[in-house]
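What follows is a short report on a single structure.
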């Protein structure tokens, strides 16, 4: 076990931000904390980093209880959302700061900057770099001390869309190559799905579900997770028509349009990725399914449900 | 923490001692009572303070609105700059120039108003003259604070209001002013606390007379303590200082409270003027204002570079003819010993202030010992008279009166308190993640290595403001020094340039050229620094940055 967290609690003044977090993260794992803002995911990350003091509970990294250690003594490093490169220092000086005074600091900077493709920028100031390049510098600075755990706080949110895709691949490849235990915070479920070995979905200071991306997608433990994960998310409807007196969740792929004995009314049609996403009014709520051609709004159509989950 | 020790030794201890001194010498207090019309002096202080702070705030506010309503950005900057010009002139120089501007038929100001006499010589009008000069000197800083607050109102708010069909006047009086109510109140309170302790203007213009008609408490502290032959003069002065300190405490506390407040309610006024008419009013108002603010400065240079014969004419000659630099050169030569002291003191004491204040302000901005901030702001808004008598006694005891040391020890008090506030504001804007990164990577000496270099621009701005402040200082040097630097070692004699300019007042009826030349010599070096400083602040106001109140 690389990181294990036991009944962690944390509050600011009177509001409880973390309400008993338990977590086990394996060595070399890419672990994503996923949740909306206010879910406590960033606070949890900052507690692991040591930037926040915890009220109770334990944080253990590689078998050592680090709960009350200073950030720099924990063997963790972090990439901040806005990178936080010191604007008055060159890339080289920024990389030097964590390893200053060490004998082979020069060699380390050499190695890491080559590995991350920023070797040619060493003499530049951070302001002369693009967002993607700045992020690589921040990554390099985080990795230069060989941390046991790498923490990342929404590292892609400051990049524009095309840069984001390439940065995402870059981070993933780097992590797999270096086999570094990584905890990654995001609110973007697509990002989480693309990167994670395992995901923890958080809400209101609690972890709702931990699992591989497939598990979370296919078997959400509750309504919230179901309607959070997936694009479009699960449709949550009443199960009455099937004689189930609970709510059921249906993924968009499990709705078969044009075939089946249920009848609904088309309320909206959107053209997405070469297919048509059809919103169907049914039993007073809404379902979504894909269809191969455009249908008119207001039309009545037949459809069936292949698979569903009861909540 | 050295900062804290310093403000205890030079702020809190002298403040408390002032009250002790005032209490000890009951007999001298009674004596003071008999010799000085204390009630009239208190009344004078209030009239002077209220008139100055109200007028300066009001005119500063109108100027800020007028300039902000101009569409052309370059024009805005130029006019803002002209409004700021009086700030570049040390008060001593300014008061000298005004004293000759009031000189009956020969003074340009009295001539333009058609006055045949010098208003400063009559008890009925002297106070009005003193207030006029005081307002003149206070408008720029009021304007600057309000103007940069107006600039900090998001552009979208203004655009939205104008798209809703509001007139410009409605935007300012209904939307913008209520948004910046806090800044306006701060300007007023700051003006109020500073004029309560005012000394320079009445001292130079009238010396408190005729009779006691322009004597304020600040001035009374000085004349009772250091200029009277009473046996227990110091405790008598301390008595006046204690009254002043008590009066000043109320606005000082309000000031500290307002600084901490998020927003201050401000009435929304319904003023609807056609945009074209408003711009016409703006042009007229700014024209008069700029003439009022900048003509004395022009006149200072004019009088300094011509011979005295040209000054005593009616009507006064106001165009540059008969230019000569001989008076200026004479003044420059005579000023050298004073200049040396001023340069030494106004470079060293700001550096000490910054060294003391910046680590402290950093810690406070990060939530440590945050009660030091309101305490400092409270001390800052007390008049210097509340501290000066015990400091004087202390400096005399350690035998440092009339040396550079006396000034170098004392002057950083206000510098450090002011720097603490400026740097605190800067550090709170500096992202906390800079600290966290340093913590995470175990960077040693993060304050020296990271925070100080990161704050270079702010440190530079603060240093400039402190140097300007130290250069302008009159009261403290006047109390603690007696003679100019005598070129010996160890250095003895420490009178500053502002005192040099003051000595020229003897020339008021004889040689205006020398008087104006002294004013120019005193002002010139610091004018350049002020111009740089103003440009930085005005540009900062445009980029929506600098918070300097």
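Below is a table of values for the structure above.
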{"item": "Matching entry among B:432, B:444 (being within 14 Å of chain A (Cβ to nearest Cβ), surrounded by fewer than 21 Cβ atoms within 10 Å (Cβ to Cβ) and closer than 30 Å to residue B:536 by Cα)", "result": "B:432"}
{"item": "For residue A:54: the one exception among (1) crowded, with 18+ Cβ neighbours inside 10 Å; (2) part of a loop (DSSP other than H, G, I, E, B); (3) in contact with a helix residue (DSSP H, G or I) (Cβ under 6 Å, 6 or more places away or on another chain); (4) within 14 Å of chain B (Cβ to nearest Cβ)", "result": "(4)"}
{"item": "Flag if residue A:41 is surrounded by fewer than 17 Cβ atoms within 10 Å (Cβ to Cβ), away from chain B (no Cβ under 14 Å) and in contact with a strand residue (DSSP E or B) (Cβ under 7 Å, 6 or more places away or on another chain)", "result": "no"}
{"item": "Residue tally, condition more than 10 Å from chain B (Cβ to nearest Cβ), in contact (Cβ under 8 Å) with a residue 40 or more places away in the chain and over 24 Å from residue A:120 (Cβ atoms), over segment A:64-95", "result": "1"}
{"item": "Subset of segment B:198-256 [on the phi > 0 side of the Ramachandran plot and touching a residue at least 24 places away in the same chain (Cβ under 8 Å)]", "result": "B:211"}
{"item": "Helices (runs of 4 or more DSSP H) (entirely within segment B:383-490) containing at least 2 residues that are under 22 Å from the mean Cα position of the chain (by Cα)", "result": "B:385-397, B:404-410, B:412-429, B:456-472, B:475-480"}
{"item": "For residue A:21: the one exception among (1) within 14 Å of chain B (Cβ to nearest Cβ); (2) buried (at least 16 other Cβ atoms within 10 Å of the Cβ); (3) in contact with a helix residue (DSSP H, G or I) (Cβ under 8 Å, 6 or more places away or on another chain)", "result": "(1)"}
{"item": "Of all residues making up segment A:72-96, the number that are under 29 Å from the mean Cα position of the chain (by Cα) and assigned to a helix (DSSP H, G or I)", "result": "5"}
{"item": "Sole residue being without any contact (Cβ under 8 Å) to a residue 60 or more places away in the chain and over 30 Å from residue B:384 (Cα atoms), chosen from B:336, B:317, B:271, B:290", "result": "B:317"}
{"item": "Subset of segment A:158-167 (residues that are closer than 16 Å to residue A:83 by Cβ and either assigned to a helix (DSSP H, G or I) or touching a strand residue (DSSP E or B) at 6+ places or on another chain (Cβ under 8 Å) (or both))", "result": "A:163, A:164, A:167"}
{"item": "Residues (within 8 Å of chain B (Cβ to nearest Cβ) and in a helix (DSSP H, G or I)) located in segment A:97-114", "result": "A:97, A:98"}
{"item": "Complete set of residues in segment A:138-167 that are under 26 Å from residue A:97 (Cα atoms) and surrounded by fewer than 18 Cβ atoms within 10 Å (Cβ to Cβ)", "result": "A:146, A:157, A:158"}
{"item": "Which listed residue is more than 30 Å from residue B:448 (Cα to Cα) and either surrounded by fewer than 21 Cβ atoms within 10 Å (Cβ to Cβ) or modelled with pLDDT of 80 or more (or both), from B:359, B:337", "result": "B:337"}
{"item": "Residue match in segment A:266-277 (condition: closer than 22 Å to residue A:231 by Cα and touching a residue at least 40 places away in the same chain (Cβ under 8 Å))", "result": "yes"}
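Okay, residues lined up against (1) modelled with pLDDT of 85 or more; (2) in contact with a helix residue (DSSP H, G or I) (Cβ under 7 Å, 6 or more places away or on another chain); (3) within 14 Å of another protein chain (Cβ to nearest Cβ):
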position: B:384; (1), (2), (3): no, yes, no
position: B:405; (1), (2), (3): no, no, no
position: B:419; (1), (2), (3): yes, yes, no
position: B:428; (1), (2), (3): no, yes, no
position: B:437; (1), (2), (3): yes, no, yes
position: B:458; (1), (2), (3): no, yes, yes
position: B:463; (1), (2), (3): yes, yes, no
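The values are calculated or read from the model by the stated rules, or taken from the named source; none is laboratory data. Note that the structure is predicted; figures quoted are calculated from it, not measured. So basically every Cβ, Gly included, is an ideal-geometry build from the backbone, and we count neighbours across all protein chains shown.
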